[in-house]
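> Please find one structure pasted underneath; my questions will follow.
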Amino acid sequence: MTNIHNLTRTTDDVVIVGGGLAGLFCALKLAPRPVTLISAAPLGQGASSAWAQGGIAAAVAEGDSPESHAADTVAVGGGLVDEAVALGIAREAGLRIHDLLAYGVPFDRDLEGKLAVGREAAHSARRIVHVRGDGAGAAIIAALSEAVRRTPSIRVIEGLAAEALLTEDGAVTGLQLREVANAAARPTFLASRAIVLATGGIGHLYAATTNPVEAGGSGLAIAARAGAVIADPEFVQFHPTAIMVGRDPAPLATEALRGEGATLINGNGERFMLARHPLAELAPRDIVARGVFAEVAAGHGAFLDARQALGARFAEKFPTVHASCIAAGIDPSTQAIPIAPAAHYHMGGIAVDARGRSSIDGLWAGGEVSSTGAHGANRLASNSLLEAVVYATRIADDIAGCAIPSPARLSDGLVTPPGGTADAAAVKRLRAIMSSRVGVARDGEGLAEAVRHLGALEREATSGALRNMATAALLVAAAAWARRESRGAHFRSDHPVEVASRAQRTMTTLAAAREVAENLTEHSRPRAAQPMIA
């Protein structure tokens, strides 16, 4: 373990930013090549993947196939899934599951010793591998963290956050880093010509989220400011069954509960999803999230009811959810669980190719910070962990075949505002705007308001942390404003149907998002009165 203050300024190592599934797995796959892994939180903490309850989708059961898995992925993706990418990931699933087993992940098995598989929404077969029902994410991260600590070629540095990506002539040269526990400290500069961003998603840009505080879009922001192409930022998945007990982040009630027969009811005890989709509670997540949102917005309330489906078996089958409920004074075996949609997963991110390469030379991205084309406009349940390990492996293989030049020593030139703690009131306002204007249901007027506010905040932010949040949020809001249709997780009440001509992925840049903000701001300024013409 390397102390922050002993960090060398120049390294020939591959630098991986992020201690979640993609970062850990990539570091292990690169061994014995030297790797420096930088994690803002202590290893194994602060990663959304550690909180994943559902598991990993993989066609490992008899009668299932990668082709069927890929077809299900395409079917829910709103016409935007790259079919070749989806099929490639599905075909690599079995190999990556065996890798995880080799690293010590204790996946559940049936009485015959085979991998036990469950079903989740919009899957046509039982193909989700779990750990103790709802503990897959935590178990995977624990096993991989231990494996990383045992690997001598991996140098782990905890407590530093990437504040800026440094580039020259379209290629990465290093990172500007700052201590998480001391935002006023001088930044640290680390030179490297091979950087992998695995910093996670953007969920904490929203007031209601299932993601940890570290999921504030920092990786997306620093890549965008360096000029990287950003793909599909408007597509944010809202998990329909976050447990509403006043906690931030909100605890999650896994989709697997509905796979086991739990139902969704309103305050009157009515199953409201029956009238919304033939699959009812097992409909695609975007449809279920809008159904729950509508009940809550109408004042009816929404609840997950597992009393008949599980009853006394709840604690044994889903111990993580059970513990969250009990801590909040709810006994899910005898009471319905209050729920609401919450920001959960970002289908958008840094645009990468089949090898995980971004548009910037020497920069790779994996996990939720990237956008591979696998998810389209709406992610299929439990595909995210699979995508993370598949692309972590591909990135490691690609780097292994690259001749990477040694880096030059960097200057101490700041590329972000001076350090300091992000203004709490500004962060709260940003998160409130994202939830109310760029949330489950959107419209042009609300999106324009969000873009104007976020554009101003991005220009005027006085701390690097706040600026990164504003940058990531602006990318999402500007792309959502520009997509005047509803598709997958992106629903606009003023454009409620899909437009066939818009069945293409968004490819954008921060410069384009800033231009949208400037145009909307100019349009909203008061103009001189014009003479009225009769």
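The values are calculated or read from the model by the stated rules, or taken from the named source; none is laboratory data. Quick caveat, the model's predicted, so the values are computed rather than measured. Counting neighbours? That spans all protein chains shown, and the Cβs are built from the backbone with ideal geometry, glycine included.
> What pairs come out if I take residues in the stretch 496-519 that are over 21 Å from H453 (Cβ atoms) and pair them with residues that are of a type in the set (V, I, T) and at pLDDT 95 or above whose C-beta lies under 8 Å away, six or more apart or interchain?
M507/V229; M507/I230
> How about the stretch 324-380: which strands (runs of 3 or more DSSP E) wholly inside it have at least 3 residues that are of a type in the set (K, R) and in contact (Cβ under 8 Å) with a residue 12 or more places away in the chain?
Counting at least 3 such residues, we get no strands (runs of 3 or more DSSP E) at all.
> Which is surrounded by fewer than 24 Cβ atoms within 10 Å (Cβ to Cβ), of a type in the set (D, E) and not assigned by TED's automatic domain parsing to the domain that holds V180, of D361, D331, D353?
Answer to the selection: D331.
> Looking only at the stretch 304-318, which residues are modelled with pLDDT of 95 or more, charged (D, E, K, R) and under 28 Å from the mean Cα position of the chain (by Cα)?
D305
> In the list R258, R285, which residue meets the criterion of being at pLDDT below 95 and within 16 Å of V321 (Cα to Cα)?
Selected residue: R258, the only one of R258, R285 that is at pLDDT below 95 and within 16 Å of V321 (Cα to Cα).
> Additional query: Which of the following residues is within 21 Å of the chain's Cα centre (by Cα), assigned to a helix (DSSP H, G or I) and modelled with pLDDT under 95: A22, A50, A27, A93?
Only one candidate qualifies: A50.
> Which members of the stretch 477-493 meet the condition of being outside any loop (DSSP other than H, G, I, E, B) and not aliphatic (A, V, I, L, M)?
W481, R487, H490, R492
> I'd like to check which strands (runs of 3 or more DSSP E) are fully inside the stretch 144-203 and have at least 3 residues that are out of contact with any helix residue (DSSP H, G or I) (no Cβ under 9 Å at 6 or more places or on another chain).
160-168, 171-179, 188-191
> Here's something else I'd like to know. Working only within the stretch 315-341, note down all residues that are under 23 Å from N268 (Cβ atoms) and among the hydrophobic types (A, V, I, L, M, F, W, C).
Listed by number, the residues that qualify are C325, A328, I330, A336, I337, I339, A340.
> Can you tell me which residues in the stretch 109-122 are in a loop (DSSP other than H, G, I, E, B) and either closer than 14 Å to T254 by Cβ or of a type in the set (V, I, T) (or both)?
R119, E120, A121
> Still on this structure: For R313, indicate whether it is surrounded by fewer than 24 Cβ atoms within 10 Å (Cβ to Cβ) and either more than 20 Å from G135 (Cα to Cα) or touching a Leu at 6+ places or on another chain (Cβ under 7 Å) (or both).
Judged against the criteria, R313 is not a match.
> Hey, among the residues in the stretch 453-463 that are touching a residue at least 24 places away in the same chain (Cβ under 8 Å) and surrounded by fewer than 19 Cβ atoms within 10 Å (Cβ to Cβ), which one's nearest to H346 (Cα to Cα)?
Result: A456.
> Looking at the stretch 297-313 only, could you name the residues that are within 16 Å of E281 (Cβ to Cβ) and in contact with a strand residue (DSSP E or B) (Cβ under 9 Å, 6 or more places away or on another chain)?
A302, F303, L304, D305, A306, Q308, A309
> Checking the conditions here, which among R442, R525, R492, R484 is basic (K, R) and modelled with pLDDT under 95?
From the options R442, R525, R492, R484, the qualifying one is R525.
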